[in-house]
1. Restricting to DSSP H runs of at least four residues, report the calculated mean residue ellipticity at 222 nm for the chain, -39500 (n - 2.57) per run over all residues, nearest 500 deg cm²/dmol.
2. Give me the dipole magnitude in Debye, nearest 20, for the range 8-155 about the Cα centre, with unit charges on the beta carbon: positive for Lys and Arg, negative for Asp and Glu.
3. Ignoring any ligand, DNA or RNA, what whole percent of the accessible area of the range 1-155 comes from carbon and sulfur when the probe is 1.4 angstrom?
4. Per-residue counts of other Cβ atoms within 10 Å, averaged by peptide: what ranking do you get for 119-131, 168-180, highest first?
5. Label residue 177 and residue 88 with points 7 Å out from Cα along Cα→Cβ: what is the distance between them in nm?
6. In square angstrom, what is the accessible area per residue of the chain with a 1.4 angstrom probe?
7. Scan the chain and note any complete DSSP helix (H) whose C-alpha atoms cover at least 27 Å along its axis and whose Kyte-Doolittle average is -1.0 or more.
Amino acid sequence: MVSAISMFINEAGWLAPLYYVGSFLISALVPVIPTPLIGALGGTAFGFVPAVLYGIVGMALGAFTALMIARMIGRHVIQRLVRPQTWDEIEAFLGVRSVTVWGIIFFLFNLDFVVMASGLTSLPVRQLWLAAMIARLPWLVASAWFGDVILVSDTVMWIMLLLFVPFFYAVRKVQPRIRAWLVRISGIER
């Protein structure tokens, strides 16, 4: 896999960074492509620092695109399907009227679909974009590092994946506490 990526990057030449940035835009339009995977592939192809720098540009453009599509198209569709008062009640019930809550959601889930969903709310796009950039930056840095250090060798990759099993187990155990904390800070009472 690593050799195929390296070959593609070598053949792309000076266009390779544009392809990398463009892949963040594509993942914003097709939100099933995970951006950490793109960051890891960039780390493998370019190295850590260039992958992070190009990734910031790509992530910024992708988040802006996702937010604007949601705001300009999705919000109008929602407003035609649901009465404005009902939509306001839904936003209040879900606790999504806080940029801080969205920042936490962006950090926990790091999916372009979530960024796009935030664009449906009544919060200012600029604040949502900034929250998405700040919250998702650690993921970009970690995935670029992963691609630069771990994906360069299949053996190292398998060893690291096995070492992460206890981490995933621990995250699974604390998930109910995280969920309760999110409910508490968002103001939702059950």
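1. On the way: 11 runs with 148 residues, N = 190.
Computed mean residue ellipticity for the chain: -25000 deg cm²/dmol.
2. Values: 7 positive and 7 negative charges, 111 e Å.
Using only the charged Cβ atoms, the result is roughly 540 debye.
3. 75 percent
4. Details: 119-131: 17.8, 168-180: 10.1.
Descending mean neighbour count gives 119-131, 168-180.
5. Distance between the two pseudo-spin positions: 3.9 nm.
6. 60 Å²
7. Details: long enough: 48-69 (30 Å, 2.04); 125-145 (29 Å, 1.02); 165-186 (31 Å, 0.33).
Sorted by number, the helices that extend far enough and score high enough are 48-69, 125-145, 165-186.
The values are calculated or read from the model by the stated rules, or taken from the named source; none is laboratory data. Treat the numbers as computed from the prediction; the structure is a model and nothing was measured. Positions of Cβ are backbone-derived with ideal geometry, glycine not excepted, and every protein chain shown enters the neighbour counts. Please note that ligands, DNA and RNA were not included when accessible areas were found on the heavy atoms of the full protein model with its side chains. Shrake-Rupley method; radii C 1.70, N 1.55, O 1.52, S 1.80 Å.
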